[in-house]
Amino acid sequence: MVQSVTLRRPDDFHLHLRDDAMLRTVLPYSVRQFGRAVVMPNLKPPVTTVAAARAYRERILQALPSGSTFEPLMTCYLCDGTDPAEISAGFEGHVFTAAKLYPAGATTHSEYGVTAIDKIAKVLDVMQKLGMPLLIHGESTDPGIDVFDKEAVFLDRTLKPLLEMFPALKVVLEHITTEQAANFVDADTSGRLAATITPQHLLFNRNAMFTGGLRPHYYCLPVLKREQDRTALRRVATSGSRSFFLGTDSAPHERGTKEAACGCAGIFSAPTALEAYLSVFDEEHALERFEAFASESGRLFYDLPPNEGTVTLTRERNDAPRSVALGDGKSIETFMGDGELSWRLVDHSST
Ligand code: DOR
Ligand code: ZN
């Protein structure tokens, strides 16, 4: 049995770092694992301008542990009124790496999002010309659609027409959760469509939210789906295809806001994400394809150079804590903490 895996330092292509004290608490966990991360712009208020993204990037850099070379890759939150000139200035000025499309009302802090694709047609045209990736939260916001069908309906009603309307636009369908999405992205041969997959959607199906009671720490959006969906995601993630890559969607929320009558969506996986993904590749007998998923396919899609250095994971009990303290008695629950994983990232300081 393989006891140790070393790979080029990976990147996280979908990460929520938040701001202020929360940022300072969660950032070191991602820095331990990843060389770069695509940072989501759904702050309150959202990051909609070059100036706001520059300032947010500066706050992230200030919060980095000393000596860290971690690089935050900033994104712009698209609104109905986004100015195409802001997008091109941000991309050409090396501030924006990508822009994020939240359908208005689809998820946490998406109320300023896009109400119809027509509203951002000029922006998408500019992005297509620039080669700037569009990152999509792919869920229908039609209140008549069953929560488990929102992604599949989005594919048919919104994504397919959008891809036809903008035939050269680079698109990442974020955190895919269904067999339909896995097959759709897999079938695309153009190279301009890709998808990120989270650890929770590879490890759990929707039963996890209801095992023995209601379990808010397994609640995220898009919500966990059926077993056949999880199986399809595992198949494409471990296939070696360049179209699927790592994006944790680590989304910290203070415990009290999740363990509530109307709990927030989001799973905080930053302390354990890489080990959680590796356990999937281990179970699928695909350890030799882990580096493609974690360190190569994403950066190739984004036209980024390979990271310097490596990370090593060993087969042993993962001792990440069950929760991370925020101060004032507050905390964040960790995904698969407290020994649930049997792979562990070897700290750099000890290598
Ligand atoms: O579960 C989620 N949490 N899904 C999202 O799309 C947003 C995220 C957050 O910001 O908390
Ligand atoms: Zn997200």
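When the strands (runs of 3 or more DSSP E) confined to region 248-351 are screened for residues that are surrounded by 15 or more Cβ atoms within 10 Å (Cβ to Cβ) and not β-branched (Val, Ile, Thr), those reaching at least 2 such residues are found at 323-327, 330-333. Hey, among the residues in region 217-247 that are of a type in the set (A, V, I, L, M, F, W, C) and near ligand 1 (Cβ under 10 Å from one of its atoms), which one's surrounded by the most Cβ atoms within 10 Å (Cβ to Cβ)? Result: Cys220. Among the residues of region 272-294, none qualifies, meaning not one is touching a helix residue (DSSP H, G or I) at 6+ places or on another chain (Cβ under 9 Å), under 21 Å from Asp19 (Cα atoms), within 16 Å of ligand 2 (Cβ to nearest atom) and not hydrophobic (A, V, I, L, M, F, W, C). Each residue in region 221-256 was checked for being without any contact (Cβ under 8 Å) to a residue 40 or more places away in the chain and among the acidic types (Asp, Glu), and 1 pass.
Filtering Leu135, Leu173 for residues that are within 16 Å of ligand 1 (Cβ to nearest atom) and touching a Lys or Arg at 6+ places or on another chain (Cβ under 6 Å) leaves a single hit, Leu135.
Please verify whether region 46-59 includes one or more residues that are more than 13 Å from ligand 1 (Cβ to nearest atom) and within 18 Å of Thr196 (Cβ to Cβ). No - not one qualifying residue is present in region 46-59. The test for being farther than 21 Å from His285 by Cα, within 15 Å of ligand 2 (Cβ to nearest atom) and either at pLDDT 95 or above or not in a helix (DSSP H, G or I) (or both) holds for Pro222.
Each row is one residue, and each column tells you yes or no for (1) of a type outside the set (D, E, K, R); (2) out of contact with any strand residue (DSSP E or B) (no Cβ under 7 Å at 6 or more places or on another chain); (3) more than 16 Å from ligand 2 (Cβ to nearest atom).
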site: Ile117; (1), (2), (3): yes, yes, yes
site: Gly138; (1), (2), (3): yes, no, no
site: Phe166; (1), (2), (3): yes, yes, yes
site: Thr177; (1), (2), (3): yes, yes, no
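If the condition is being farther than 16 Å from Gln180 by Cα, assigned to a loop (DSSP other than H, G, I, E, B) and either in contact (Cβ under 8 Å) with a residue 40 or more places away in the chain or of a type in the set (A, V, I, L, M) (or both), then region 120-144 contributes Gly131, Met132, Pro133. In this structure, is Thr48 surrounded by fewer than 18 Cβ atoms within 10 Å (Cβ to Cβ) and more than 16 Å from ligand 2 (Cβ to nearest atom)? The answer is no for Thr48. Go through region 177-196 and give me each residue that's under 11 Å from Asp229 (Cβ atoms) and outside any helix (DSSP H, G or I). Once the filter is applied, which keeps residues that are under 11 Å from Asp229 (Cβ atoms) and outside any helix (DSSP H, G or I), region 177-196 yields Thr177, Thr178.
If I go through region 164-176 residue by residue, how many of them are outside any loop (DSSP other than H, G, I, E, B) and touching a residue at least 12 places away in the same chain (Cβ under 8 Å)?
Selection size over region 164-176: 4.
Residues in region 2-19 that are touching a residue at least 60 places away in the same chain (Cβ under 8 Å), in contact with a helix residue (DSSP H, G or I) (Cβ under 9 Å, 6 or more places away or on another chain) and over 14 Å from Ala292 (Cα atoms): Val2, Leu15, His16, Arg18. The single condition among (1) more than 16 Å from ligand 2 (Cβ to nearest atom); (2) more than 24 Å from Thr158 (Cβ to Cβ); (3) of a type outside the set (D, E, K, R) that Ser250 does not satisfy is (1).
With respect to the conditions (1) assigned to a loop (DSSP other than H, G, I, E, B); (2) within 15 Å of ligand 1 (Cβ to nearest atom), Thr211 falls short on a single one, namely (2).
Name every residue in region 109-119 that is part of a loop (DSSP other than H, G, I, E, B) and either under 20 Å from Val153 (Cβ atoms) or hydrophobic (A, V, I, L, M, F, W, C) (or both), in order of residue number. Of everything in region 109-119, those that are part of a loop (DSSP other than H, G, I, E, B) and either under 20 Å from Val153 (Cβ atoms) or hydrophobic (A, V, I, L, M, F, W, C) (or both) turn out to be Ser110, Gly113, Thr115, Ala116.
The values are calculated or read from the model by the stated rules, or taken from the named source; none is laboratory data. Worth saying up front: this structure is predicted, and the values here are computed from it rather than measured. Every residue, glycine among them, receives a Cβ derived from its backbone with ideal geometry; neighbour counts consider all protein chains shown.
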